[in-house]
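Any read-out appearing in this document is the output of simple, stated calculations on the displayed coordinates, not a laboratory observation. Values in this document were obtained by computation on a predicted structure and should not be read as measured data. Using ideal geometry, Cβ is built from the backbone for each residue, glycine included, and neighbour counts are taken over all protein chains shown.
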Amino acid sequence: MFLGFSLAYAGSSYSVDLYRPTVVNGTHFKAGECKVELHDNKLVFKQGKTSAETTVKVETNSLKFPSTTVGYAGEGAGNELQEIRLGGTTTKLVFEPATTAVVGSK
């Protein structure tokens, strides 16, 4: 399942609008604006004073993605974040299992 969200490009920093509460490595993030910074294979999420780091696999697509999308493993609420495709770039960030989840996942 892929859902779009807003993303603004600024070098290796991106502004992301999370559309629902999400957990990254045990840290809870509220729905709303969140800054993400990509450093090699590390992605740092920042929202106010809250921050968390997770490992991602950075993949390059042959064509630029027309829009930013976020993909979750499986269907419905409570599934883990699987990937983020960065709109306007050829970059896809693939999350390792159990490093991110939606609040309320089992």
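Below, the figures for the structure above:
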quantity	calculated
Computed FRET value (nearest 0.05) for LYS64 with ARG20, which takes r as the C-beta separation and R₀ as 25 Å	0.40
Proximal charge balance of GLY48 [Cβ under 12 Å; K/R count +1, D/E count -1]	+3
Environment charge at TYR19 (Cβ cut-off 14 Å; Lys +1, Arg +1, Asp -1, Glu -1)	0
